[in-house]
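Bear in mind these aren't lab numbers, they're just calculated from the coordinates by the rules spelled out. Keep in mind the model is a prediction, meaning the values are calculated, not measured. Quick reminder, even Gly has a Cβ in these numbers, built from the backbone with ideal geometry, and neighbours come from all protein chains shown.
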Amino acid sequence: MSKGKVLVTGGTGYIGSHTTVELIEQGYEVVIIDNLSNSQAFIVDRIEQITGTRPKFYHFDLLNEAKLDEFFAANTDLKGIIHFAASKAVGESVQIPLHYYRNNLVSMINLLEGMKKYNIENFVFSSSCTVYGQPDELPVTENAPVKPAESPYGYTKQVNENILKDTIKSGAKIKGIALRYFNPVGAHHSGLIGELPIGVPANLMPFITQTAYGIREQLSVFGDDYDTPDGSCIRDFIHVVDLAKAHIIAIERMIDGKNAEAYEMFNIGTGNGFSVLELINSFEKTTGEKLNWKMAPRRAGDIVKIWADTTIGNNVLGWKAEKTLDEMTGSAWKWEQNYRSSAEAK
Ligand code: WQD
């Protein structure tokens, strides 16, 4: 007996596919909307391979209002929506801000309009610790001030949080939870799904695994002169499966009417900060691979250090990250090896 139907937008993407697997394994029926702009359709096959259940996949863009209305009309039984679909490359957003504002903001508005029209009540939003900028105090709590965004990407996360809050405050019968992710890394233990950046990876972990596999010549570590113990930046790396599980807890909190407020927001991190060099060390230790890297100048826009205060996420949301840094780096490597030797990578 299904616990009900949940829409995962961006469900063929990195975090979306891991969340879809967890939802199915917890007894939900999942439907996916994805425009495949930054992911590939074979991921649906992989989700079926892992869970034994194939989520229904709708291939269209959330900016297509007619298609989205048709979808809602055919899925009025949705228990809720987990919204991942968005453009998410910090650097790219500086180059093409109008694409980011249109894509990330209008798709959010279209979804919320559809929820109001078809009486769908529960919404989990994929937000980001990027809204904090460089926090004044660490670990960073949910009450820390939202700082001026360093990129259009980060700004769309801040604006979308307010779009959700204001829609709820306007009296719409919608409950919302925003999850502020820290740095998602790693992959499902099967090695069948994982991070699959198109083109040259902007994020650290896929650049590490692609370098180890020989696809990239060398990793550049952007800066060793920061005010940190080893001079490299510090981040709160969180296993993508731990992150996925937080979404199931969040949607169930609303489905079961346990949310304390109509709008809630939680940090989703481990509470531990590890440096870039520590992540590299963990990768080399867990995989036995010697990584080819060099020190390089700082990357514009990087903050020095951030890690989450997880008190509210642990005690109110009732979620806690469990996986270790070594499980993150080891699983990322297993995915990279499996994918590169698969037919899909040819
Ligand atoms: C991490 C550290 C780099 C690449 C961004 C977004 C965040 C989320 C995750 C989407 C930094 C260093 C990186 C490389 C390096 N995005 N680095 N060499 O910038 O912390 O967060 O991605 O959800 O919202 O802001 O992640 O992985 O790009 O960088 O040295 O080749 O690794 O300088 O210190 P970031 P990242």
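Here are some notes:
- Criterion (over 18 Å from L243 (Cβ atoms), out of contact with any Leu (no Cβ under 6 Å at 6 or more places or on another chain), in contact (Cβ under 8 Å) with a residue 60 or more places away in the chain and not in a loop (DSSP other than H, G, I, E, B)) met by exactly one of K67, K117, K79: K79
- Test: residue in segment 161-174 that is within 15 Å of the ligand (Cβ to nearest atom) and within 23 Å of A244 (Cα to Cα): yes
- Residue satisfying all of: in segment 141-184; farther than 27 Å from G114 by Cβ and among the polar types (S, T, N, Q); farthest from the chain's Cα centre (by Cα) among these: N143
- The single condition among (1) crowded, with 18+ Cβ neighbours inside 10 Å; (2) within 13 Å of the ligand (Cβ to nearest atom) that A144 does not meet is (2).
- Number of residues in segment 282-292 that are crowded, with 19+ Cβ neighbours inside 10 Å and within 14 Å of the ligand (Cβ to nearest atom) equals 2.
- Residues that are within 13 Å of the ligand (Cβ to nearest atom), over 18 Å from Q210 (Cβ atoms), in contact with a strand residue (DSSP E or B) (Cβ under 8 Å, 6 or more places away or on another chain) and in a loop (DSSP other than H, G, I, E, B), drawn from segment 293-312: P297, R298, D302, V304, I306, W307
- Filter result for L279 (within 13 Å of the ligand (Cβ to nearest atom), within 19 Å of R216 (Cβ to Cβ), part of a loop (DSSP other than H, G, I, E, B) and aliphatic (A, V, I, L, M)): no
- Residue count for segment 30-86, restricted to those that are under 15 Å from G16 (Cβ atoms) and among the small types (G, A, S): 6.
- Count - residues of segment 175-214 that are more than 10 Å from the ligand (Cβ to nearest atom), assigned to a loop (DSSP other than H, G, I, E, B) and surrounded by fewer than 19 Cβ atoms within 10 Å (Cβ to Cβ): 7
- If you check K320, K305 for being under 20 Å from S128 (Cα atoms), basic (K, R) and crowded, with 16+ Cβ neighbours inside 10 Å, only one passes: K305.
- Flag for R253 being away from the ligand (no atom under 11 Å from the Cβ) and farther than 19 Å from V304 by Cα: yes
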